[in-house]
Amino acid sequence: MRPEGAWPLSPVERWALAVYGLLMRLLQPWVRRRHRRRGRAEPGYLQHMEQRFGHYPGLAPSSGWVWIHAVSLGETRAAALLLAALREQVPGMRLLLTHGTATGRAEGAKLLRPGDLQVWQPWDTSATVQRFLLHFRPALGVLLETEVWPHWVQGCRAHGVPLLLVNARLNPQSLRAAQRLRCLMRPAYAGLSAVLAQTEADAARLRAIGAHAVQVLGNLKFDLTPDPAQIERGRRWRAALGGRRVLMLASSREGEEALWLQALRQAQDSPFGPEAPLWLLVPRHPQRFDAVAALLQQADLSVFRRSQWPAGLDAADAVGAAGAAGAANSAAEPAEMAAAPAAARSAQVWLGDSLGEMHAYYAMADLAWLGGSFLPLGGQNLIEAAACGCPVLMGPHTYNFHDAAEQALHCGAARRVPDMAAALPATRHWLEDAAALQRARQGCAALLQQGQGAAQRSAALLRAAMAP
């Protein structure tokens, strides 16, 4: 663990930090406008905006917090795994949880206990970070995965706050970008108290950009335990479809839905005929739900949206009730419970336009195409699919999850294809070979087993690093 205190910068590094700080100050009006625009679709962005600039009305100054920063949804889910282990090892800890996105903040609210706090991440200027650190005086700072900000590092060192990068990853593209800004980013990485990397390859790249005290502890996401209620919900959805197969495009990014449509339209077999599987599309970002729905409707597809369930009715209850009612031809069932599930059963595409239900979606699907991997976007977290027993077809671009993708291939939990056109015959092969699909599901379990334990190991190191 590197000692804390003032971190000496070379003249060039001081100049780079000053220019960066000036730019970040000039960008503050743009940040406010951007979040107001995003707030039209996601109202969470409009809440407590002053916190982003280090102002905390209604929150008295305090101290002793364990500060965990999880910028978005994926990092917040990783933070949940770490936090469960940390609470075991540090009973009575007080959590200060920060985020950058509304989806991360909404997910993070589920992790709070009495006495915990949740605020927006401080915008990375010297003055904002100073206000944040003086107001909360954390005993420990934990950054998840990639969130290294120059003023955060400098501020924590000046205030004697141990700051660790946990579940750290750095792909080759990000390393090259950091090296282009070496005079700014090298002291930022070098100023971290410690770095707990996911893989040896990540560790080597982190050392190359200046990080010290780097250890390889594994990927927190292998410690995931699926939500049993969601797994049951997904199974009930599937049962109500009467044996229909379900294929999922999971965490799709902008442009991938159009590629998916093109691949299916060009297929020799009709992808939307009466015997065709149900397609389940789950876009990665909620602000795109309406745009994806419009794209599907323009393609003349019958679409059922998760958000269309009648108010007050859980989807699992509605579909389950409809399935039972359909078998018994019961006339006593309320009309509102019969209408929506009928549309759900006859739809060509389901649109998963909800948050926090990925486990239910994966439990419903026979297999999933991995979003973010069919365009050069780095892929998405395939460990979550494996934890739910859902095999994955990946495109060529999985550099953000390189080691997990390679391990999934080795275990048989995933297959790689060059594009979506090639994903279709690979999908048919799995659907037509029940034994192969079962082996893939067994590969999902094997993948999880070989990677577990990072949460407990990381929590032990964080406990040791906490300032008195």
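If you take the residues in the range 390-413 that are touching a residue at least 40 places away in the same chain (Cβ under 8 Å) and surrounded by fewer than 18 Cβ atoms within 10 Å (Cβ to Cβ), which one is farthest from THR225 (Cα to Cα)?
Once the filter is applied, the top-ranked residue is TYR399.
State which residue pairs qualify: first residue closer than 17 Å to LEU448 by Cα and inside the range 223-240, second residue β-branched (Val, Ile, Thr) and part of a helix (DSSP H, G or I) in any location, beta carbons under 9 Å apart, and separation of 6 or more residues or different chains.
From residues that are closer than 17 Å to LEU448 by Cα, the pairs are LEU224/ILE383.
Take the residues in the range 131-156 that are charged (D, E, K, R) and surrounded by fewer than 21 Cβ atoms within 10 Å (Cβ to Cβ); name whichever of them is farthest from MET185 (Cα to Cα).
ARG137
List the pairs whose first member sits in the range 282-297 and is among the aliphatic types (A, V, I, L, M), whose second member is surrounded by fewer than 18 Cβ atoms within 10 Å (Cβ to Cβ), and whose Cβ atoms are under 7 Å apart, counting only residues at least 6 apart or on separate chains?
LEU295/ALA258
Whether any residue in the range 348-361 is buried (at least 22 other Cβ atoms within 10 Å of the Cβ), touching an Asp or Glu at 6+ places or on another chain (Cβ under 9 Å), within 20 Å of TRP430 (Cβ to Cβ) and aromatic (Phe, Trp, Tyr) is what I want to check.
no
Looking at (1) among the hydrophobic types (A, V, I, L, M, F, W, C); (2) at pLDDT 95 or above; (3) more than 25 Å from PHE401 (Cβ to Cβ), find the lone condition where ALA158 falls short.
(2)
Sort out which residues of the range 25-44 are in contact with a Phe, Trp or Tyr (Cβ under 6 Å, 6 or more places away or on another chain) and charged (D, E, K, R), and write them in order of number. Quick ask: steps written out before the conclusion?
Our first condition is that a residue be in contact with a Phe, Trp or Tyr (Cβ under 6 Å, 6 or more places away or on another chain); within the range 25-44, this holds for 35, 38-39.
The one that is in contact with a Phe, Trp or Tyr (Cβ under 6 Å, 6 or more places away or on another chain) and charged (D, E, K, R): ARG38.
Go through LEU175, LEU217 for me and flag whichever is closer than 24 Å to LEU461 by Cα, touching a residue at least 24 places away in the same chain (Cβ under 8 Å) and aliphatic (A, V, I, L, M).
Result: LEU217 is the single residue among LEU175, LEU217 that is closer than 24 Å to LEU461 by Cα, touching a residue at least 24 places away in the same chain (Cβ under 8 Å) and aliphatic (A, V, I, L, M).
Where in the range 349-468 are there strands (runs of 3 or more DSSP E), lying fully within it, with 2 or more residues that are modelled with pLDDT of 95 or more?
Per the criteria, 367-370, 392-394, 414-416.
Could you identify the single residue in VAL417, VAL392 that is within 18 Å of the chain's Cα centre (by Cα), among the β-branched types (Val, Ile, Thr) and closer than 28 Å to GLN198 by Cα?
Working: VAL417 fails: within 18 Å of the chain's Cα centre (by Cα).
On inspection, the qualifying residue turns out to be VAL392.
Considering only residues of the range 10-38 that are free of Cβ contacts under 8 Å to residues at least 40 places away in the same chain and in contact with a Leu (Cβ under 8 Å, 6 or more places away or on another chain), which is farthest from PHE132 (Cα to Cα)?
Residue satisfying both the conditions and the ranking: ARG36.
Which one is modelled with the lowest pLDDT among residues in the range 78-124 that are among the polar types (S, T, N, Q) and either out of contact with any strand residue (DSSP E or B) (no Cβ under 7 Å at 6 or more places or on another chain) or assigned by TED's automatic domain parsing to the domain that holds GLN287 (or both)? Spell out how you get there, then give the answer.
The initial filter retains those residues of the range 78-124 that are among the polar types (S, T, N, Q), namely 89, 98, 101, 103, 118, 121.
Within this subset, residues satisfying the condition of being either out of contact with any strand residue (DSSP E or B) (no Cβ under 7 Å at 6 or more places or on another chain) or assigned by TED's automatic domain parsing to the domain that holds GLN287 (or both) are 89, 101, 103.
Numbers: GLN89: 93, THR101: 94, THR103: 90.
Selected residue: THR103.
Specify the residue that is surrounded by the fewest Cβ atoms within 10 Å (Cβ to Cβ); the eligible residues are those in the range 178-187 that are closer than 15 Å to VAL19 by Cα and among the aliphatic types (A, V, I, L, M).
The qualifying residue surrounded by the fewest Cβ atoms within 10 Å (Cβ to Cβ) is LEU181.
Of everything in the range 126-155 that's without any contact (Cβ under 8 Å) to a residue 40 or more places away in the chain and over 26 Å from the mean Cα position of the chain (by Cα), which residue is farthest from LEU83 (Cα to Cα)?
Per the stated criteria, the residue is GLY155.
The values are calculated or read from the model by the stated rules, or taken from the named source; none is laboratory data. All values derive from a computational prediction rather than experimental measurement. So basically every Cβ, Gly included, is an ideal-geometry build from the backbone, and we count neighbours across all protein chains shown.
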